[in-house]
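Would you mind keeping the following structure in view while I ask a few things?
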Amino acid sequence: MFRKFPIENIVFLVVIAIIAILASMLLPALGKARDKARAIQCGNNLRQISMAVFHYEDDLDQDYFMPYLHKASSSASSGTGWGHRMYSAGYLQGFSRSKIYSTLAPQLYLESFRCPSNTTTATLSGIYYPAPRLDVVGTYMYGLNMMLHRPAYPGSSYRMKSWLRYPSRTAILADSGPSQHYVFSNQQANMLLSSFPHPGYTANVIFVDGHLGQANGNDPHINKLDYSYAYRNPFYAYFGSIYTSYSWFK
């Protein structure tokens with residue numbers, strides 16, 4: 001004789017099966033929605049940082065782009081990175097502390113400098129950094145375009161804003177990868193944008209005119225160092241002497 005299951009047990013199993021089917025259908029959609037929300041938050045971070053950069057430049061009455069590094073001399077191998085410089089000058093007041101930080105100099109961990117889609121951490125000289133710290137450029141998740149922003153030291157030169165031909169097509173600030181950190185450029189292959197952590201293999205980018213856009217990691221104009229690609233792309237604003245400085249008036 002077969003033992004009969006109570007009707008309640010059968011109904012319970014059917015409900016569990018339906019829940020499992022619904023979960024398998026909804027979880028991918030929820031994952032995509034989460035990734036999209038993180039990309040939006042990252043874009044908001046870049047907007048907030050770029051506004052601070054623009055205010056810093058305007059207050060100093062500069063026609064040139066803010067230096068990405070301040071150092072004692074042209075030969076110095078280290079200096080003060082752009083984020084720490086703005087923090088020390090008071091242009092990051094109101095930025096909230098990062099949700100992830102170390103007990104060592106916790107005030108230098110700011111939430112807007114942490115991309116929620118970027119889960120990388122850094123260990124430099126035996127010190128672990130769980131998130132970007134402003135005084136350690138090797139931990140940054142956002143970088144400035146080196147073709148616009150130059151290092152500052154006694155006697156250094158700058159790129160003038162009024163010389164730039166295509167401000168709406170030229171990147172100023174973007175998601176940066178492990179080989180760039182606080183800067184990016186098309187000077188060499190390992191300085192090209194390489195971090196595309198958002199849906200569609202994209203990176204968030206702020207352009208010189210202030211608008212937020214995206215760079216696609218599959219675009220050869222972005223990821224390939226070649227005369228006909230990165231060198232000829234206003235995105236990077238090439239300023240070299242070997243090729244025509246197509247992005248600049250001078």
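With the chain treated as a Gaussian network of Cα nodes joined by springs under 10 Å, which of ARG159, ARG34, ARG85 yields the largest mean-square fluctuation?
Among ARG159, ARG34, ARG85, the largest mean-square fluctuation in the Gaussian network model of the chain belongs to ARG34.
Continuing with the same structure: Please work out the FRET efficiency for the pair SER157 and SER78, using the Cβ-Cβ distance as r and a Förster radius of 25 Å; give the result to the nearest 0.05. If you can, show how the numbers build up before the last one.
Numbers: r = 20 Å, r/R0 = 0.81.
With R0 = 25 Å, the Cβ-Cβ based efficiency is 0.80.
Using 0.36 nm per residue of separation minus the Cα-Cα distance, give me the extension gain between PHE249 and TYR227 in nm, one decimal.
Numbers: separation 22, 0.36 × 22 = 7.92 nm, distance 1.92 nm.
Fully extending the segment from PHE249 to TYR227 adds 6.0 nm.
Residue by residue, what Karplus-based ³J(HN,Hα) values in Hz, rounded to whole numbers, does region 12-25 have, using 6.51, -1.76 and 1.60 with θ = phi - 60° and x for Gly and Pro?
Those phi angles translate into 4, 5, 5, 4, 4, 5, 5, 4, 5, 5, 5, 5, 5, 7 Hz.
I'd like the per residue volume of the convex hull spanned by the Cα atoms of region 75-190, given in cubic angstrom. Show your work: numbers first, answer last.
Working: hull volume 17.3 nm³, N = 116.
Dividing the Cα hull volume of region 75-190 by its residues yields 149 Å³.
Do the sum for the chain: with -39,500 (n - 2.57) for every DSSP H run of n ≥ 4, divided by all residues, what is the mean residue ellipticity at 222 nm, to the nearest 500 deg cm²/dmol? Please report the intermediate quantities before stating the final value.
Numbers: 3 runs with 64 residues, N = 250.
Value at 222 nm, helices only: -9000 deg cm²/dmol.
How big is D, in µm² s⁻¹, for region 64-128 by Stokes-Einstein at 20 °C and 1.002 mPa s if Rh is the Kirkwood radius over C-alpha pairs?
D, rounded to a whole number, is 155 µm²/s.
Taking H placed 1.01 Å from N in the peptide plane, check which residues at least 5 places from TRP248 or on another chain put their amide H under 5 Å from its amide H.
ARG165
Could you list MET147, MET191 in order of exposure, starting from the residue whose Cβ has the fewest other Cβ atoms within 10 Å? It would help to have the intermediate numbers written out before the result.
On the way: MET147 28, MET191 21.
Listing MET147, MET191 from fewest to most nearby Cβ atoms yields MET191, MET147.
Give the average over all directions of the projected area of the C-alpha convex hull of region 142-250, one decimal, in nm². Could you put the intermediate results ahead of the total?
Working: hull surface 27.1 nm².
Mean orientational projected area (region 142-250, Cα hull): 6.8 nm².
With r defined as the distance between the Cβ atoms of TYR166 and SER88 and R0 fixed at 30 Å, what FRET efficiency is calculated, to the nearest 0.05? Don't jump to the answer; show the numbers that get you there.
Numbers: r = 32 Å, r/R0 = 1.08.
So the FRET efficiency works out to roughly 0.40.
Now for a separate question. Which whole-Hz ³J(HN,Hα) couplings does region 187-200 yield from phi under the Karplus relation 6.51 cos²θ - 1.76 cosθ + 1.60, θ = phi - 60°, glycine and proline marked x?
6, 8, 4, 7, 9, 5, 3, 9, 9, 10, x, 10, x, x
Please compute the length gained on full extension between ASN44 and ILE21, using 0.36 nm multiplied by the number of residues separating them and subtracting their Cα-Cα distance.
On the way: separation 23, 0.36 × 23 = 8.28 nm, distance 3.55 nm.
Gain on stretching ASN44 to ILE21: 4.7 nm.
Go through (1) 17.6; (2) 19.3; (3) 20.1 and flag the label whose value is the computed Kirkwood radius over Cα pairs in Å for this structure.
(3)
Order by neighbour count: ILE49, ILE100, fewest other Cβ atoms within 10 Å first, most last.
Details: ILE49 23, ILE100 14.
Ranked by crowding around the Cβ, least crowded first: ILE100, ILE49.
Then there is this: Which residues' amide hydrogens lie under 5 Å from the amide hydrogen of LYS224, considering only partners 5 or more residues apart or on another chain, with H built in the peptide plane?
Here ALA230 satisfy the definition.
Fewest to most neighbouring Cβ within 10 Å: what's the order for MET141, MET51? Write out the running numbers ahead of the final one.
Details: MET141 24, MET51 13.
By the 10 Å Cβ count, ascending: MET51, MET141.
What ranking do 56-64, 108-116, 210-218 get when scored by the average of other Cβ atoms within 10 Å per residue, highest first? Mind dumping the intermediate values first?
Details: 56-64: 12.4, 108-116: 21.7, 210-218: 15.3.
Top to bottom by mean Cβ count within 10 Å: 108-116, 210-218, 56-64.
What FRET efficiency comes out for the pair ARG34/SER179, r = Cβ-Cβ distance, R0 = 30 Å, nearest 0.05? Write out the running numbers ahead of the final one.
On the way: r = 27 Å, r/R0 = 0.91.
After rounding to 0.05, the efficiency reads 0.65.
Every number here is computed from the coordinates shown, using simple stated rules; none is lab data. Because the structure is predicted, anything quoted here is derived from the model rather than measured. Positions of Cβ are backbone-derived with ideal geometry, glycine not excepted, and every protein chain shown enters the neighbour counts.
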